[in-house]
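Below is one structure, written out as structure tokens, with a few remarks after it.
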């Protein structure tokens, strides 16, 4: 089903809910397919405080009642949703094309979400070793080309890369979070020696955040160049997370409340931009 049909179906169901008995609404044939691409954030790694990925708790295609995901929000409008989560922990932007190819080999998606970039930062040992903005842009563009070649009507939401500086500021004064960072050795290019406030350490962190900003600028550029591609205008990056929004296992990945915040801010922006005509 084309995305235009999806939008028309949503409007039809919303209107029917207001005007006719609920038994008539159930008879409206509406269905849509969505796909999530990205990394461990979208796989909802350790979100509920236990090990491993938990795609059922994903902000995007999650089916658990613990998270009000995009998929569940669309279902609330009467759309029979089918979701596939092809995000993979540890993946960087260079892996997006493979994710897109695998996803579209299994489904003709009406809606795709992409949240990528954290590992393009965290795999590096120095700010200079992070993925260059040009390479990041080319990698995301390649995935978009694959999606558009399959179906130019597919709507794509590009979620902004979360702020590494905000994450650092949440944990730097929290002993338990700092201990988890140190024990796991997570994202040392940003989070190593969090109590070090020397000029060199501050410059390192500022350089990392500047790279995140560059990635988000490239995502905005790609959305502006492509029809049916929408950037969240920094919604994820600018969200005010707290320590309770971080997993108790690593103090890095979003907890269930963090997943809910991502779902909420990206949904709000998607609706504002007309990705979904649900008002």
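Based on other C-beta atoms within 10 Å, arrange 175, 241 from fewest to most.
The fewest-first ordering by Cβ neighbours comes to 175, 241.
Stokes-Einstein D for segment 215-279 at 25 °C, 0.890 mPa s, Kirkwood Rh over Cα pairs, in µm²/s?
Reported coefficient: 188 µm²/s.
Quickly estimate the mean residue ellipticity at 222 nm for the chain, helices only: each DSSP H run with n ≥ 4 gives -39500 (n - 2.57), and the total goes over all residues, rounded to 500.
Helix contribution divided over all residues of the chain: -14500 deg cm²/dmol.
Does anyone have the angle between helix 96-106 and the longest principal axis of the chain? Alpha-carbon axes, 0 to 90°, nearest 10?
It works out to around 30 degrees.
Computed over the Cα atoms, what is the radius of gyration of the chain divided by 2.2 N^0.38 Å, N being its residue count?
In units of the 2.2 N^0.38 Å rule of thumb, it is 1.02.
State the three equivalent ellipsoid semi-axes of segment 76-175, derived from the C-alpha gyration tensor as the square roots of 5 times its eigenvalues, in descending order and whole Å.
The equivalent ellipsoid of segment 76-175 has semi-axes of 29, 18, 11 Å.
For the chain, what proportion of DSSP beta bridges, expressed in % and rounded to the nearest 5, is antiparallel?
5 percent
Please report 182, 40 as a ranked list, fewest other C-beta atoms within 10 angstrom at the top and most at the bottom.
182, 40
Can you classify segment 110-227 as rounded, prolate or oblate using the Cα gyration tensor, where a ≥ b ≥ c are the square roots of its eigenvalues, rounded means a/c under 1.5, and otherwise it's prolate if a/b beats b/c and oblate if not?
prolate
Find the centroid of the Cα atoms in segment 57-80 and in segment 109-186, then give the distance between the two in whole Å.
Computed from Cα coordinates, the inter-centre distance equals 22 Å.
What order do you get for 41, 170 when you list them from fewest to most C-beta neighbours inside 10 Å?
Fewest-to-most Cβ neighbours within 10 Å comes out as 170, 41.
So, R0 is 22 Å and r is the distance between the beta-carbons of residue 225 and residue 166; what FRET efficiency does that work out to, to 0.05?
That gives a FRET efficiency of 0.20.
Classify segment 42-99: rounded, prolate or oblate, from the alpha-carbon gyration tensor (a ≥ b ≥ c, eigenvalue square roots; a/c under 1.5 rounded; otherwise prolate if a/b is larger than b/c)?
Oblate, because a/c is 1.5 or more while a/b does not exceed b/c.
Enter the Cα centre distance for the pair segment 223-272 and segment 82-97, rounded to the nearest angstrom.
16 Å
Just so you know, all these numbers are worked out from the coordinates, no wet-lab data involved. Everything quoted here is computed from the prediction, not taken from an experiment. Heads up, the Cβs are rebuilt from the backbone with ideal geometry, glycines too, and the neighbour counts pull from every protein chain shown.
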